[in-house]
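**Q** Supplied in structure tokens, the structure appears directly below.
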Amino acid sequence: MAGFAAIPNNIVTSAGVAYVHYLSFMVCFGALVLERRLIRPNPSREDATLMVITDVVYGIAALGLLGSGILRVVVFAADSSYYTANPLFWWKVGTYLAVGGLSLYPTITYILWALPLRRGELPQVSEALANRLAWILNIELAGFAAIPLMATLMARGVGLPAA
Ligand code: HEM
């Protein structure tokens with residue numbers, strides 16, 4: 001117990017925020033994989049409902065990812081410019097925003113599904129729409145897979161301009 005008592009509060013909070021960053025990343029990735037697996041023309045009621053729920057979970061986790069990321073830069077960094085001076089950091093933020101922007105299309109699509117689902121009807125999903133959503137999800141997954149590489153490099157100062 002003495003060992004735990006010696007750990008300062010700010011270290012525990014900073015570890016907690018870093019944990020939220022990793023956990024939300026995992027939840028986002030898992031949600032996208034599930035959506036990718038479920039998408040098909042004219043889904044069943046169960047699948048369509050699950051996709052709507054999965055997208056809500058994805059949205060909440062994406063906000064957790066952004067919030068914890070901002071806290072890591074603004075509150076927990078010894079020197080924020082260690083990140084902001086690094087182009088890799090901005091590529092990381094840019095990729096996140098691009099993936100987020102791209103996910104508006106599936107999100108709006110699922111919100112539109114929620115309306116017939118609430119009336120007990122099935123959403124009409126054409127082969128073309130299912131293919132389009134599958135491709136968007138593929139690109140989002142590739143973006144999410146690339147971001148941690150930028151993160152690990154950035155965390156180690158790769159990309160920082162020579163002082
Ligand atoms: C705009 C949103 C984001 C911001 C502002 C942000 C910021 C940060 C910061 C400041 C760190 C700490 C680096 C260090 O330990 O020195 C970090 C680490 C990390 N981030 Fe993000 N992040 C964001 C989005 C993401 C996303 C979307 C992912 C995953 C897809 C991600 C994955 C990681 C990983 C894996 C690390 C650990 C790197 C390491 O310690 O080796 N981040 N992030």
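Every number here is computed from the coordinates shown, using simple stated rules; none is lab data. Bear in mind the structure is a predicted one, so any value in this text is a computation, not a measurement. Glycine gets a Cβ as well: all are built from the backbone with ideal geometry, and neighbour counts include every protein chain shown.
**Q** Within a Cβ distance under 12 Å of Ala31, other residues only, what is the Lys/Arg minus Asp/Glu net charge? Intermediate values should be presented prior to the final figure.
**A** Working: positive: Arg36, Arg37; negative: Glu35, Asp55, Glu140.
Its environment carries a net charge of -1.
**Q** On to the next question. Loop-only trypsin sites (Lys or Arg not before Pro) in region 110-142, please: DSSP not H, G, I, E or B, and at most 13 other Cβ atoms within 10 Å. Before the final figure, lay out the partial values.
**A** Working: sites: Arg118, Arg119, Arg132; in loops: Arg119.
Counting only loop positions with at most 13 other Cβ atoms within 10 Å, the trypsin sites (Lys or Arg not before Pro) in region 110-142 are Arg119.
**Q** Figure the gain on full extension for Arg37 and Leu50 (residue separation times 0.36 nm, minus the Cα-Cα span) and round it to one decimal in nm.
**A** Working: separation 13, 0.36 × 13 = 4.68 nm, distance 1.13 nm.
So the extension gain works out to 3.5 nm.
**Q** Do the sum for the chain: with -39,500 (n - 2.57) for every DSSP H run of n ≥ 4, divided by all residues, what is the mean residue ellipticity at 222 nm, to the nearest 500 deg cm²/dmol?
**A** Values: 7 runs with 128 residues, N = 163.
Calculated at 222 nm, the ellipticity per residue is -26500 deg cm²/dmol.
**Q** Note down the nm distance, to one decimal, between modelled labels 7 Å out along Cα→Cβ at Val12 and at Asp79.
**A** Going by the 7 Å Cα→Cβ label model, 3.0 nm.
**Q** Using the Kirkwood radius built from alpha carbon pairs, what does the Stokes-Einstein equation give as D for region 81-163 at 37 °C and 0.692 mPa s, in µm² per second?
**A** Details: Rh = 15.1 Å.
Value of D from the Cα-based Kirkwood radius: 218 µm²/s.
**Q** So, counting K/R as plus one and D/E as minus one, what does the shell of residues with Cβ under 15 Å around Ile108 add up to?
**A** Values: positive: Arg132; negative: Glu35, Asp55, Glu140.
Summing Lys and Arg as +1 and Asp and Glu as -1 gives -2.
**Q** Determine the equivalent ellipsoid of region 1-151 by diagonalising the alpha-carbon gyration tensor, then write out the semi-axes as square roots of 5 times the eigenvalues, largest first, rounded to whole Å.
**A** Numbers: eigenvalues 258, 68, 25 Å².
For region 1-151, the ellipsoid semi-axes come out as 36, 18, 11 Å.
**Q** Could you order the peptides 151-161, 134-144 from most to least packed, using the average number of other C-beta atoms within 10 Å per residue?
**A** Values: 151-161: 13.4, 134-144: 16.4.
The densest-packed peptide leads the list: 134-144, 151-161.
**Q** Given an 8 Å cut-off on Cα distances and at least 6 residues of separation, report the relative contact order of region 1-70 as a percent.
**A** On the way: 37 pairs, mean separation 33.8, N = 70.
Relative contact order here is 48 percent.
**Q** Can I ask one more? Identify the residues of region 4-30 with backbone N under 19 Å of a label point that sits 7 angstrom from the Cα of Thr152 along the Cα-to-Cβ direction, or state none.
**A** 18-30
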